[in-house]
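The values are calculated or read from the model by the stated rules, or taken from the named source; none is laboratory data. For clarity, every value in this text was computed on a predicted model and none was experimentally measured. Cβ coordinates were reconstructed from backbone atoms using ideal geometry, including for glycine residues, and neighbour counts include every protein chain displayed. The accessibility values were calculated without ligands, DNA or RNA, using every heavy atom of the protein model including side chains. Shrake-Rupley method; radii C 1.70, N 1.55, O 1.52, S 1.80 Å.
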Amino acid sequence: MLIKTEKTIPASEITGQSQFLSRRKFIWAAAGTAAAGLAGGLLSGPVHAAGGEYADVPRGPYSAQLPVTDFDYVANYTNYYEFTTNKEDSTRLAKALPVSPWSVTVEGEVDKKGVFHLEDLLKQHPLQERVYRFRCVEAWSMVVPWIGFPLGDLLKSLQPTSRARYVQFTTLYKPDVMPGQRSSVLDWPYVEGLRIDEAMHPLTLLVTGMYDDPLPKQNGAPLRLIVPWKYGFKSIKAIVRIRLQETMPKTAWNMSAPGEYGFYANVNPLVPHPRWSQRTERVLGGSIFTPKRKTELFNGYSEQVAKLYAGMDLKKYF
Ligand SMILES: Nc1nc2c(c(=O)[nH]1)N[C@H]1C(S)=C(S)[C@@H](COP(=O)(O)O)O[C@H]1N2
Ligand SMILES: [Mo]
């Protein structure tokens, strides 16, 4: 099978030729050569150093056998509306966010409600690396080596009651450091949700790092969700609250545009967004000559998750 369990694959094997070339471009950019001017704002981020704090974290299952997107793109092309709607500005703006200490409030239909320090949660749940495809609803995609642990492991330890049918997640609300929260671009705080079986699925991760290092702030530090078969907006950043409940929770994008963003948001090339097709995706880090990639049902994770939706009309429950 296509599962590698140990982190022994050198970067040269999983990183394609074009990624290596673009990496070299980034190094020039950081050195302040003419390449920086040519390459534009996207290239002004820091060069990622190998051998980070999480370098020894073992690789877990389900790794995508695709070239990993260059760190510099993943870290400097981000959606984080609490800071800005400009993908290239959140790197700078998110620097002001305090991420330590951090705690997560657990409430609702669980036996073990309470406020948990992130450090304590991390002591109980060993980290692993998962190289996942990631598909934004805006029709671009990337492949990212996340570091985290299965959300299901945490939920089991919290002992959900028999009434726990959904999970809601809430992002930090801190308008003094999150300028986007002083505007009405979304209803704050950002909220997201999953059905309990989706939340318990072994692909669903709570993530604290990427590329062998703790998460950059603009990518959702210190704790975010990653649900690789759903559109990126489900993968909520800077989580401060997890609530188990009987009813389907509200979600930020669904409240903002219910006809465009459903609760399920499963990646599906056959269900177009009302304003654009979802059949193909632009691969982040490519050039204008890089062909678009065909978008796959459930973002390529059908084998693992299609059974969760057996008998459901995926056009109706989009
Ligand atoms: N709190 C919060 N979470 C969020 C967002 C956001 O604006 N705020 N954007 C979402 C969207 S649209 C996407 S595509 C992903 C982007 O993750 P990345 O910036 O790490 O690539 O984060 C999601 N999580
Ligand atoms: Mo997105």
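In the range 183-194 there is at least one residue that is within 15 Å of ligand 2 (Cβ to nearest atom) and part of a strand (DSSP E or B).
Among residues belonging to the range 117-145 that are in a strand (DSSP E or B) and away from ligand 2 (no atom under 16 Å from the Cβ), point out the one that is most open to solvent (accessible area, probe 1.4 Å). The residue in question is 117.
Given 234, 217, 230, which one is more than 12 Å from the chain's Cα centre (by Cα) and either more than 10 Å from ligand 1 (Cβ to nearest atom) or under 20 Å from residue 178 (Cα atoms) (or both)?
Working: 234 fails: more than 12 Å from the chain's Cα centre (by Cα); 230 fails: more than 12 Å from the chain's Cα centre (by Cα).
The unique qualifying residue is 217.
Of all residues in the range 270-295, those being open to solvent by 20 Å² or more (accessible area, probe 1.4 Å) and assigned to a loop (DSSP other than H, G, I, E, B) number 14.
Screening residue 240 against (1) surrounded by 23 or more Cβ atoms within 10 Å (Cβ to Cβ); (2) within 13 Å of ligand 1 (Cβ to nearest atom); (3) of a type in the set (A, V, I, L, M); (4) farther than 22 Å from residue 87 by Cβ leaves a single unmet condition, (1). Residue check: residue 153 meets all listed conditions (1) more than 25 Å from residue 60 (Cβ to Cβ); (2) open to solvent by 50 Å² or more (accessible area, probe 1.4 Å); (3) assigned to a helix (DSSP H, G or I) but one, namely (1). Considering (1) aromatic (Phe, Trp, Tyr); (2) more than 19 Å from residue 133 (Cα to Cα); (3) surrounded by 12 or more Cβ atoms within 10 Å (Cβ to Cβ), the lone condition that residue 298 does not fulfil carries the number (2). In the range 181-207, the residue that is farthest from residue 105 (Cα to Cα) out of those that are within 12 Å of ligand 1 (Cβ to nearest atom) and of a type in the set (A, V, I, L, M, F, W, C) is 185.
Tally time: how many residues in the range 67-101 are surrounded by fewer than 16 Cβ atoms within 10 Å (Cβ to Cβ) and assigned to a helix (DSSP H, G or I)?
As a first pass, look at the range 67-101 and keep what is surrounded by fewer than 16 Cβ atoms within 10 Å (Cβ to Cβ): 85-86, 92, 95-96, 98, 100-101.
Now narrow it down to the ones that are assigned to a helix (DSSP H, G or I): 92, 95-96.
Residues that pass the stated criteria total 3.
Restricting attention to the range 224-254, which residues are among the hydrophobic types (A, V, I, L, M, F, W, C) and within 16 Å of ligand 2 (Cβ to nearest atom)?
Initially, the range 224-254 is screened for residues among the hydrophobic types (A, V, I, L, M, F, W, C), giving 225-227, 229, 233, 236, 238-240, 242, 244, 248, 252-253.
Across the range 224-254, the qualifying residues are 225, 226, 227, 229, 233, 236, 238, 252, 253.
Would it be correct to say that residue 208 is at pLDDT 95 or above and within 30 Å of residue 56 (Cα to Cα)? Explain how you work it out, then say what you get.
Values: at pLDDT 95 or above: yes; within 30 Å of residue 56 (Cα to Cα): yes.
Considered against the rule, which asks whether it is at pLDDT 95 or above and within 30 Å of residue 56 (Cα to Cα), residue 208 comes out as yes.
Within the range 301-318, the set of residues being part of a helix (DSSP H, G or I) and open to solvent by 70 Å² or more (accessible area, probe 1.4 Å) comprises 303, 307.
Of all residue pairs spaced 6 or more apart or on separate chains, those with beta-carbon atoms under 8 Å, a first member in the range 69-86 that is near ligand 1 (Cβ under 9 Å from one of its atoms) and a second member that is open to solvent by 10 Å² or more (accessible area, probe 1.4 Å) and of a type in the set (Val, Ile, Thr) are 75/91; 78/91; 81/185; 85/185.
Within the option set 104, 110, being within 19 Å of the chain's Cα centre (by Cα), of a type in the set (Val, Ile, Thr) and open to solvent by less than 50 Å² (accessible area, probe 1.4 Å) holds for one residue only, 104. In the range 202-218, how many are among the basic types (Lys, Arg) and either surrounded by fewer than 22 Cβ atoms within 10 Å (Cβ to Cβ) or touching a Ser or Thr at 6+ places or on another chain (Cβ under 6 Å) (or both)? Adding up the residues that qualify gives 0.
Any idea which of 199, 221 is open to solvent by less than 10 Å² (accessible area, probe 1.4 Å), part of a helix (DSSP H, G or I) and either more than 15 Å from ligand 2 (Cβ to nearest atom) or farther than 21 Å from residue 63 by Cα (or both)? Break it down stepwise before answering.
Values: 221 fails: part of a helix (DSSP H, G or I).
Unique residue meeting the criteria: 199.
Within the option set 166, 261, being hydroxyl-bearing (Ser, Thr, Tyr) and within 12 Å of ligand 1 (Cβ to nearest atom) holds for one residue only, 261. Would you mind stating whether residue 178 is aliphatic (A, V, I, L, M), within 13 Å of ligand 1 (Cβ to nearest atom), open to solvent by 10 Å² or more (accessible area, probe 1.4 Å) and closer than 17 Å to residue 220 by Cβ? It is false that residue 178 is aliphatic (A, V, I, L, M), within 13 Å of ligand 1 (Cβ to nearest atom), open to solvent by 10 Å² or more (accessible area, probe 1.4 Å) and closer than 17 Å to residue 220 by Cβ.
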